[in-house]
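Q: Handing you this structure, nothing more for now.
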Amino acid sequence: MNILIRNGRIIDPATKTDEISDLYIEGGKVKKTGKGLKPKDKTDKVIDATGCYVMPGLIDLHVHLRDPGLTYKEDIVSGSKAAARGGFTTILAMPNTKPVIDSADRVKYVQNKAKELSPIHVMQIGAITKGQAGEELADIEEMIEQGVPAISEDGKSVMNARLYKNAMGIAAKYDVPVFAHCEDRNIVGKGCVNEDEHSRERGLPGISNAVEDIIAARDIILAKETGAKLHLCHCSTKESVRMVELAKKEGIKVTGEVCPHHFTLTSDDVDPNDANYKMNPPLRTKEDRDALICGLKNDIMDVISTDHAPHSREEKTMPITRAPFGIVGLETSVALTITELVDKGILTPMQMAEKMSYNPAKIIGLDRGSLEEGKAADVTIIDPDAEYVIDSMTFLSKGKNTPFHGRKVKGLVKATICDGRIAYIQDGMTR
């Protein structure tokens, strides 16, 4: 199928293009961009993108697909369909499944299932330790040979610094990034929300900024010693932003990621009777939120990722002290980014494309995130002015756990094209 996208605002960080133009897709590649392009054949699909952003396909570095073993929450099929609806053409799945993805065979399981059933690219991250038990390294080299784009212990930190440093050394040898979930389990205790006046007033166990900051500092130091590429996941504190900034000034290979819930909500918004406000790291103070936004604006923080973490309704209707951490994000990320950052003039559309496509591709060494002629035709079409109310009951994800249900937003994904094939499209967009 060949596709002509007409009259869209093409935003491509790779070439710094930001102009109203057409884009023609042929044989799964970007064949040509320019004004006044015509279909080559009557069978060509034509998409009218007037008033829309036409960006390189979005890439989410931080997704939980729950497959294998926890597929009542999500699976590769439902998760990838939700991702396509959210504008993503590539997603990276975290390894904290059941069993843990800690071997080449388990990586291969996800790769094969995704290749057969997913409308988009699903890349599987490998665990750092066997069973994520933190006691013995997984066969990292074997998983790298099988094609993992990164290694991570996401869901927890490797508390044994010597073991973690050894893993970083292997990652540095193969030029594979380490994705860090920064959480000192020795001080987190039974915390369920941010530690502040709200948690104290409500008698809820709190999670202090130090839980994140101690491990972030340790990991940056180890990255400096080993030469590993370190990516700090779901940063939530002002200190994390400052540490990323200082590390970059010292030439350490560190990148940072912020999730939409952390740049949108604060601990002031938490409803203690609704576990959809429970995520890890927790919603922090306004001061932290403002530092994260500033870090994104000033390009200190490189990436916007979702930390998409689906759970069942039964799990999320438990009391906040007992419910699991996490919310879904694949189908709300674009709208929250446009509503909270782009529409408010904090980020330009070009910066949005950088943080949601171009930079993620660079971090994992993926030849995507660009609309240059000859590149793979991964394209996301977004209407930035479309207003609607988020309805979690319409999500394609099995998970409906979001604090954003009922929130009015701007920014709607109209179409997602992966390798020149339509992975998702709204009715009435083609002829």
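The values are calculated or read from the model by the stated rules, or taken from the named source; none is laboratory data. Nothing here was measured: the structure is a model prediction, and the numbers come from that model. Glycine also receives a Cβ, built like all others from the backbone with ideal geometry; neighbour counts cover every protein chain displayed. Accessible surface is based on the protein model in full, side chains and every heavy atom, while ligands, DNA and RNA are left aside. Shrake-Rupley method; radii C 1.70, N 1.55, O 1.52, S 1.80 Å.
Q: Search the structure for amide H atoms under 5 Å from the amide H of Val46, placed 1.01 Å from N in the peptide plane, and list their residues when 5 or more places away or on another chain.
A: Leu4, Arg431
Q: May I ask you to order 195-204, 44-53 by the average number of other C-beta atoms within 10 Å around their residues, highest value first? Walk me through the numbers on the way to the answer.
A: Working: 195-204: 15.2, 44-53: 19.1.
The most tightly packed comes first, giving 44-53, 195-204.
Q: Using Cα centres only, tell me the gap between segment 1-47 and segment 208-225 in whole Å.
A: Measuring centre to centre over Cα atoms gives 44 Å.
Q: So, in Å, what gap is there between the alpha-carbon centers of segment 90-163 and segment 295-373?
A: 21
Q: Report, to the nearest whole %, how much of the accessible area of segment 138-233 belongs to carbon and sulfur atoms, 1.4 Å probe, protein only.
A: Roughly 47 percent of what the probe reaches on segment 138-233 is carbon or sulfur.
Q: Send over a whole-number figure in Å² for the accessible area per residue of segment 82-204, probe 1.4 Å. Can you show the working numbers first?
A: On the way: 5190 Å² over 123 residues.
With all protein chains present, segment 82-204 gives 42 Å² per residue.
Q: Next question. Of all accessible surface on segment 287-378 at a 1.4 Å probe, what whole percent is carbon and sulfur? Write down the numbers at each step before the final one.
A: Numbers: 1470 of 3150 Å².
Answer for segment 287-378: carbon and sulfur cover 47 percent of the accessible area.
Q: Right, something else. Please report the spacing between the Cα centers of segment 166-183 and segment 241-294 in Å, no decimals.
A: What the calculation gives is 22 Å, centre to centre.
Q: Please work out whether the chain counts as rounded, prolate or oblate from its C-alpha gyration tensor, where a ≥ b ≥ c are the square roots of the eigenvalues and a/c under 1.5 means rounded, while otherwise a/b larger than b/c means prolate and anything else oblate?
A: Working: a/c = 1.60, a/b = 1.37, b/c = 1.17.
Prolate shape, in that a/c is at least 1.5 and a/b is the bigger ratio.
Q: Okay, next question. Please name which of Ile215, Leu396, Ile187 has its Cα lying farthest along the dipole of the chain towards the positive end, using unit charges on Cβ (Lys, Arg +1; Asp, Glu -1) and the Cα centre as origin.
A: Ranked along the dipole, the leading option is Leu396.
Q: Within 13 Å, Cβ to Cβ, of Thr43, how many net charges do the neighbouring residues add up to if Lys/Arg are +1 and Asp/Glu are -1? Please report the intermediate quantities before stating the final value.
A: Values: positive: Lys40, Lys42, Lys45, Arg431; negative: Glu26, Asp41, Asp44.
Result for the neighbourhood of Thr43: +1.
Q: Could you order the peptides 90-98, 28-36, 336-344 from most to least packed, using the average number of other C-beta atoms within 10 Å per residue?
A: Answer by packing, highest mean first, reads 90-98, 336-344, 28-36.
Q: Counting only protein heavy atoms, what percent of the accessible surface of segment 1-126 is carbon or sulfur at a 1.4 Å probe? Can you show the working numbers first?
A: Values: 2360 of 4850 Å².
Carbon and sulfur atoms account for 49 percent of the accessible area of segment 1-126.
Q: Per residue of segment 293-309, in order, report the coupling 6.51 cos²θ - 1.76 cosθ + 1.60 (Karplus, θ = phi - 60°) as ³J(HN,Hα) in whole Hz, putting x for Gly and Pro.
A: Coupling constants for segment 293-309: 4, 4, x, 5, 4, 8, 6, 6, 8, 8, 9, 10, 10, 8, 6, 3, 9 Hz.
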